[in-house]
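Trainee: This is the structure, below, for whatever I ask next.
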Amino acid sequence: MRQSQLFTKTVKELPKDETSYNAQALIRAGFIDKVGAGIYSYLPLGKRVLDKICDIVREEMNAIGGQEILMTALIPKENLVTSGRWETFDVLFRLAGNDQKEYSLGATHEEIVSPLARKFILSYKDLPFGVYQIQTKFRNEKRAKAGLLRGREFLMKDLYSFHTDQADLDAYYEKAIGAYKKIYDRLGLGDLTYLTYASGGSFSKYSHEFQTLSAAGEDLIYVCDKCRVAVNREIIAEQKACPVCGSEQLDEQKAIEVGNIFKLGTKFSTPFGLRYKDQAGQENPVIMGCYGIGPSRIMGTIVEIYHDDKGIVWPESITPYKVHLLSLNENEQADRLYRELTARGIEVLYDDRELSAGEKFADADLIGCPYRLVVSAKTLKENSAELKNRNAKTGELVSLGELTAKLP
RNA sequence: CGGGGUGUGGCCCAGUUGGUCUAAGGCGUCUGGUUUGGGACCAGAAGAUCGAGAGUUCAAAUCUCUCCACCCCGACCA
């Protein structure tokens, strides 16, 4: 991508209506645009990051047998009446169509996926299975805050699994935990993310959250470092010890909830009449689980964690471009290099603008691609370009012929 | 939803004891020129319903009322 053609550019000043780091940095660098409180558009750079996060999530969901679908954003009132949530779910956006029929904008999709599953589950032979979607969710939060960390409109992956019995759900639930761990590892959040025990509702003792340690977090969790698990604030009163090893040495930490998984049991299969016939011909309720993760919140979380005083430092797995190529008034050689690297499948953001060197360096640091490549009169004297890691203080000269081999 | 704060060109802001405000400055943009390894410089130019509405007054960005938006703290967050 030629930066001269890129839609959006960076700005020097901090936006006055944002104080959270993730929103400030992402707006300054041109990744997102604010439309209202907790409502953001994703611009070309931001969309690329979001897509990469979604791709990682998608791959890991597919790896545990999830099948991708896309459900409706409009949910008819009657579906929510059936589950009893039309009246009780306080963050629902409610609206009426021209026909006076009422709807809500989808805040979660048990009320859509349950009747959907009912159409196809007749027998134990139809179970188990899991379906998921990646879709915009709408929640009318009383107070949106912290940029991408708590929005009124946000992207979410929600997977729903369907089982004949508790043991099968339990086994799948463990597989889902494994898949989630892989996701956080691939996103560069593995070391900071803790499986966190939360209240389980009526069906199981616990549900689980995935919490990433960060000063920007609004949750407090109690961490057992030995077991790499934590307990959330809601249940710490009755769960004062590590649920794994029993230790009472728990550290209080601020964290961002980056995922949660729930054993729903029959909570939705009962009201929606979701049953199957077992081998003896008996009808039984289907046992359900749900598994959520928010790619947009994860994008904000990563920015909160991976930055320095000059800007964002993207993990390689989700960077908008791998290489930021800067030409300092040497467009001919830089153009050639841009074409070569791109032809080899390397994602390059090419700063071909007629700006001062300082401005290009500042923008490159702000945008935060992991590799910076500078072509200038100085480097061309050596028939080279300067390669610098975003995290490194200084770069190294690499001869033009060896460049593609040098790039990881 | 309770409390606090803020709204002035695309962005950041000065001005708010009413009057030289015909609204200042910086960034950005446009034109011309000089520059080019850490947000360069010179000259010129364009760009503003001062959040919205109503009111007070000879006179309102400035005072009053109502409303709206955004930020922060708290409550809330199947």
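The values are calculated or read from the model by the stated rules, or taken from the named source; none is laboratory data. Everything numeric here is computed off the predicted structure, so don't read it as measured data. Note: ideal-geometry Cβ built from the backbone for every residue, glycine included; neighbour counts use all protein chains shown.
Trainee: Could you give every pair whose Cβ atoms fall below 9 Å, whose first residue belongs to the stretch A:163-192 and is assigned by TED's automatic domain parsing to the domain that holds A:SER114 and farther than 19 Å from A:PHE203 by Cβ, and whose second residue is of a type in the set (Gly, Ala, Ser) and surrounded by 18 or more Cβ atoms within 10 Å (Cβ to Cβ), counting only separations of at least 6 or pairs across chains?
Mentor: Cβ pairs passing all conditions: A:ALA179/A:GLY66; A:TYR180/A:GLY259; A:ILE183/A:GLY259; A:TYR184/A:GLY259; A:LEU192/A:SER214; A:LEU192/A:ALA255.
Trainee: Related question: Enumerate the strands (runs of 3 or more DSSP E) found wholly within the stretch A:236-340, keeping only those where 3 or more residues are in contact with a helix residue (DSSP H, G or I) (Cβ under 9 Å, 6 or more places away or on another chain).
Mentor: Hits in the stretch A:236-340: A:251-265, A:275-277, A:287-293, A:323-328.
Trainee: Please work out which residue is farthest from RNA strand B (Cβ to nearest atom), limiting yourself to the stretch A:306-328 and to residues that are among the hydroxyl-bearing types (Ser, Thr, Tyr) and touching a Leu at 6+ places or on another chain (Cβ under 9 Å).
Mentor: Filtering the stretch A:306-328 for residues that are among the hydroxyl-bearing types (Ser, Thr, Tyr) and touching a Leu at 6+ places or on another chain (Cβ under 9 Å), the one farthest from RNA strand B (Cβ to nearest atom) comes out as A:SER317.
Trainee: Now, a different point. For the stretch A:205-220, enumerate the residues that are more than 10 Å from RNA strand B (Cβ to nearest atom) and surrounded by fewer than 17 Cβ atoms within 10 Å (Cβ to Cβ).
Mentor: If the condition is that a residue be more than 10 Å from RNA strand B (Cβ to nearest atom) and surrounded by fewer than 17 Cβ atoms within 10 Å (Cβ to Cβ), then A:LYS205, A:ALA215 are the ones that fit.
Trainee: Could I ask something else about it? Working only within the stretch A:239-256, note down all residues that are touching a residue at least 40 places away in the same chain (Cβ under 8 Å) and closer than 11 Å to A:TYR197 by Cα.
Mentor: Residues satisfying the conditions are A:GLN239, A:PRO243.
Trainee: Just checking, how many residues over the stretch A:363-408 are of a type in the set (A, V, I, L, M, F, W, C), more than 19 Å from A:GLU340 (Cα to Cα), surrounded by fewer than 20 Cβ atoms within 10 Å (Cβ to Cβ) and in contact (Cβ under 8 Å) with a residue 60 or more places away in the chain? First the steps, then the outcome.
Mentor: If we filter the stretch A:363-408 for residues that are of a type in the set (A, V, I, L, M, F, W, C), which is where we start, we get A:364, A:366-367, A:369, A:373-375, A:377, A:380, A:385, A:387, A:392, A:397-398, A:400, A:403, A:405, A:407.
Those left that are additionally more than 19 Å from A:GLU340 (Cα to Cα): A:364, A:366-367, A:377, A:392.
With the extra rule that they be surrounded by fewer than 20 Cβ atoms within 10 Å (Cβ to Cβ), the set shrinks to A:366, A:377, A:392.
Now narrow it down to the ones that are in contact (Cβ under 8 Å) with a residue 60 or more places away in the chain: A:366.
Qualifying residue count for the region: 1.
Trainee: Here is a further query. Can A:VAL223 be described as under 21 Å from A:LYS263 (Cβ atoms) and more than 10 Å from RNA strand B (Cβ to nearest atom)?
Mentor: Values: under 21 Å from A:LYS263 (Cβ atoms): no; more than 10 Å from RNA strand B (Cβ to nearest atom): yes.
Spelling it out, it is not the case that A:VAL223 is under 21 Å from A:LYS263 (Cβ atoms) and more than 10 Å from RNA strand B (Cβ to nearest atom).
Trainee: Could I ask something else about it? Find the strands (runs of 3 or more DSSP E) located wholly in the stretch A:349-408 whose residues include 1 or more that are within 7 Å of RNA strand B (Cβ to nearest atom), and list them.
Mentor: It comes to A:371-376, A:384-389.
Trainee: What strands (runs of 3 or more DSSP E), lying completely within the stretch A:128-235, carry at least 3 residues that are over 26 Å from A:SER114 (Cβ atoms) and not basic (Lys, Arg)?
Mentor: A:193-199, A:206-213, A:219-224, A:229-232
Trainee: Shifting gears a bit: Within the stretch A:1-15, track down each residue that is within 10 Å of RNA strand B (Cβ to nearest atom) and either outside any loop (DSSP other than H, G, I, E, B) or surrounded by 11 or more Cβ atoms within 10 Å (Cβ to Cβ) (or both). First the steps, then the outcome.
Mentor: First, pick out the residues of the stretch A:1-15 that are within 10 Å of RNA strand B (Cβ to nearest atom): A:9-15.
Listed by number, the residues that qualify are A:LYS9, A:THR10, A:VAL11, A:LEU14, A:PRO15.
Trainee: I'd like the full set of residues that are surrounded by fewer than 20 Cβ atoms within 10 Å (Cβ to Cβ) and either more than 18 Å from A:CYS369 (Cα to Cα) or within 16 Å of RNA strand B (Cβ to nearest atom) (or both), limited to the stretch A:329-343.
Mentor: Of all residues in the stretch A:329-343, those surrounded by fewer than 20 Cβ atoms within 10 Å (Cβ to Cβ) come to A:329-333, A:335-336, A:339-340, A:342-343.
Hits for the stretch A:329-343 are A:ASN329, A:GLU330, A:ASN331, A:GLU332, A:GLN333, A:ASP335, A:ARG336, A:ARG339, A:GLU340, A:ALA343.
Trainee: Among (1) over 24 Å from A:ASN22 (Cβ atoms); (2) at pLDDT below 95, which single condition is A:HIS163 missing?
Mentor: (2)
Trainee: In the stretch A:16-62, how many residues are exposed (fewer than 15 other Cβ atoms within 10 Å of the Cβ) and near RNA strand B (Cβ under 10 Å from one of its atoms)?
Mentor: Counting residues in the stretch A:16-62 that are exposed (fewer than 15 other Cβ atoms within 10 Å of the Cβ) and near RNA strand B (Cβ under 10 Å from one of its atoms) gives 7.
Trainee: Of everything in the stretch A:189-204, what is crowded, with 18+ Cβ neighbours inside 10 Å and either over 22 Å from A:GLU174 (Cβ atoms) or aliphatic (A, V, I, L, M) (or both)? Give them in sequence order.
Mentor: Residues satisfying the conditions are A:LEU189, A:LEU195, A:ALA198.
Trainee: Run down A:GLU382, A:GLU359 and say which single residue is acidic (Asp, Glu), in contact with a strand residue (DSSP E or B) (Cβ under 7 Å, 6 or more places away or on another chain) and on the phi < 0 side of the Ramachandran plot.
Mentor: Just one listed residue meets the conditions, A:GLU382.
Trainee: Every residue in the stretch A:69-81 that is of a type in the set (Val, Ile, Thr) and away from RNA strand B (no atom under 14 Å from the Cβ), please.
Mentor: A:ILE69, A:THR72, A:VAL81 - these are the residues of the stretch A:69-81 that are of a type in the set (Val, Ile, Thr) and away from RNA strand B (no atom under 14 Å from the Cβ).
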